[in-house]
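Structure record follows, encoded as structure tokens.
The values are calculated or read from the model by the stated rules, or taken from the named source; none is laboratory data. Bear in mind the structure is a predicted one, so any value in this text is a computation, not a measurement. Here the Cβ positions follow ideal geometry from the backbone for every residue, glycine too, while neighbour counts run over all protein chains shown. Ligands, DNA and RNA are stripped out before the accessible areas are found, and what is left, the full protein with its side chains, is counted by its heavy atoms. Shrake-Rupley method; radii C 1.70, N 1.55, O 1.52, S 1.80 Å.
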Amino acid sequence: MIYPLSISLFLVSGYHALVSASEPVVAAPQTIKLQSRVAPKEATLRRRALNPVTVPLADFFLGTDLQWFGNISIGTPPQELSVVFDTGSTELEIASTMCDSSCDAQAKFNTTKSSTFVDKKTTSSITFSTGVGVDPVVGANYKLTLRAAQDTITVGGLVAKKMPIKLITKQTAKFEINPFSGIQGMGAQAQGFFGSLVDQGLPSLFSLFVTPQAVGGAELTVGGIDKSKFNGSLTYAPLADAGSTTWSLTSPTISVNGKTTSVLKQTRDVIFDSGTSNILFSTDTAEAIYALISPKIKAHAAEPGTYGIACSLIPTLPAVIDIGFTDENGKPFNLSIPSSELSVGPFADSPTTCQTLINAFDGLDLVGGSVLKHYYSVWDVGSQRMGFAAV
Ligand SMILES: *[C@@H]1O[C@H](CO)[C@@H](O)[C@H](O)[C@H]1NC(C)=O
Ligand SMILES: *[C@@H]1O[C@H](CO)[C@@H](O)[C@H](O)[C@H]1NC(C)=O
Ligand SMILES: *[C@@H]1O[C@H](CO)[C@@H](O)[C@H](O)[C@H]1NC(C)=O
Ligand SMILES: *[C@@H]1O[C@H](CO)[C@@H](O)[C@H](O)[C@H]1NC(C)=O
């Protein structure tokens with residue numbers, strides 16, 4: 001899930017203004033924290049005081065793999081709740097007993113049961129640009145109304161105390177199908193529970209193994225890399241916007257079935273969002289890619305931003321998309337999306353037309369589950385880089 005850049009900047013500056021009024025100690029800019037955490041790898045290893053933990057993930061599957069979620073615990077004694085580990089956002093938002101009836105379908109964090117719960121009372125809201133499923137977000141249909149709080153968070157047995165939490169007090173109807181209770185932001189800075197664990201000596205990285213439903217065994221490893229999940233080596237690339245919370249890499253070129261075009265050779269920064277299943281590219285890029293797959297892929301007017309083609313044609317179409325990147329040694333590498341990802345299933349209003357995996361969204365270039373499923377991925381906060389190994 002990702003929120004628009006303008007709103008994200010607004011939220012960040014609003015957050016700082018808010019905490020500096022009440023809690024000057026926490027108000028230190030996050031970029032300074034990061035700089036203090038960047039240390040030579042050998043030094044990091046010597047100071048290591050916490051061992052990595054692995055959290056099993058379940059796949060939210062609705063005709064296509066949508067999102068992967070796992071359990072964290074909040075409060076004292078711990079209440080186990082499931083969250084999407086979302087690299088496209090930065091905070092923990094959780095359904096709570098302070099929510100109105102809009103959260104009734106979800107397991108909720110009961111604030112009165114926790115002896116360490118602190119109600120910070122300030123309210124805010126967040127509107128996401130990408131949602132839970134494969135449909136484009138329309139207006140503010142993925143909006144959460146939030147109330148600030150603080151409590152202990154436990155992940156895989158590792159404990160982070162006095163963590164900021166956003167309690168969901170109201171959510172738009174689109175969230176009701178979620179089989180999970182919240183969203184745990186895993187942006188590219190050491191924040192929240194992860195920042196606390198890094199301060200306690202956990203290596204500053206996490207890894208995702210998000211698998212198709214039929215494969216199973218998905219997992220998040222916090223503070224390490226599960227080398228049993230891949231053969232071969234990891235290829236690392238430096239973040240395009242080091243020091244920011246955004247996981248993005250610069251891509252000089254995109255190829256489709258081995259071909260490219262002038263539009264696809266434009267350099268772009270591609271955001272990696274584990275909380276989004278589809279791919280979002282600007283309209284010209286999306287249409288240039290589709291033109292190389294089949295002229296029969298057409299915009300689907302009933303849902304602006306989506307494209308589709310007769311489901312019967314899908315098996316005949318080669319649709320290998322290679323997104324080119326440059327590794328930390330200056331060598332090119334591709335992240336490759338196989339043809340099997342082309343269809344995300346039939347449109348509700350037109351069951352013989354299948355929606356295709358790229359939505360047009362001007363101003364954003366973003367990939368999610370449909371790419372991450374094909375790689376073991378390492379999200380290296382301390383070294384501001386991402387690593388990939390084919391699985
Ligand atoms: C989360 O915990 C519940 C029990 O509290 C368990 O049934 C469920 O399988 C767990 N989910 C995952 C993804 O591990
Ligand atoms: C929350 O916990 C309190 C204290 O145990 C209990 O009285 C209340 O019924 C719980 N609320 C919900 C919605 O489960
Ligand atoms: C690694 O390669 C070996 C030998 O080909 C194979 O048995 C094993 O399943 C592979 N492991 C993974 C995680 O792909
Ligand atoms: C990336 O994919 C393109 C298109 O298939 C190919 O021409 C290119 O050689 C690939 N690059 C690498 C480094 O494998």
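Data table
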quantity: Unit charges on C-beta of K, R, D, E only; dipole of segment 273-389, Debye; calculated: 300
quantity: Accessible area expressed per residue, the chain, with surrounding protein chains retained (probe 1.4 Å, Å²); calculated: 42
quantity: 12 Å beta-carbon shell around Thr246, net charge (K/R +1, D/E -1); calculated: -4
quantity: Linear extension gain, Ala140 paired with Lys259, 0.36 nm per residue minus alpha-carbon span; calculated: 39.1 nm
quantity: Alpha-carbon spread of the chain, three principal axes, descending order, Å; calculated: 60, 51, 38
quantity: Dipole-positive endmost among Gly182, Ile271, Gly195 within the chain (Cβ charges, Cα centre); calculated: Gly195
quantity: For segment 103-142 and segment 316-388, distance of Cα centres in Å; calculated: 27
quantity: In nm, spacing of pseudo-spin labels at Ala107 and Thr250 (7 Å Cα→C-beta vector); calculated: 4.4
quantity: Share of alpha-carbon pairs per 5 Å distance bin for segment 110-187, given as whole %; calculated: 3, 13, 21, 24, 18, 13, 7, 2, 0
quantity: Sequence-separation-based contact order of segment 265-391, relative, with Cα cut under 8 Å and 6+ spacing, percent; calculated: 35
quantity: Accessible carbon and sulfur surface of the chain relative to its total accessible area, %, 1.4 Å; calculated: 57
quantity: Per-residue [θ]222 nm for the chain (sum of -39500 (n - 2.57) over DSSP H runs n ≥ 4, rounded to 500); calculated: -4000 deg cm²/dmol
quantity: Charge-dipole axis of the chain as Lys and Arg at +1 and Asp and Glu at -1 on Cβ define it, positive-most pick from Ser89, Leu50, Pro164; calculated: Leu50
quantity: Selection from Thr245, Ser228, Ile297 lying farthest towards where the dipole of segment 191-309 points positive, charges on Cβ; calculated: Ile297
quantity: Size of electric dipole in the chain: Cβ of Lys, Arg +1 and of Asp, Glu -1, about Cα centre, debye, nearest 20; calculated: 800
quantity: Cβ-Cβ FRET estimate between Lys121 and Asp269, R0 fixed at 45 Å, reported to 0.05; calculated: 0.75
quantity: Net charge contributed by nearby residues that have their C-beta within less than 10 Å of Lys373 (K/R +1, D/E -1); calculated: -3
quantity: Contour excess over end-to-end distance, with Cα ends at Val159 and Ile177 and 0.36 nm allotted per residue; calculated: 3.5 nm
quantity: Calculated FRET value between Phe333 and Gln213, using beta carbons and R₀ = 30 Å, to 0.05; calculated: 0.65
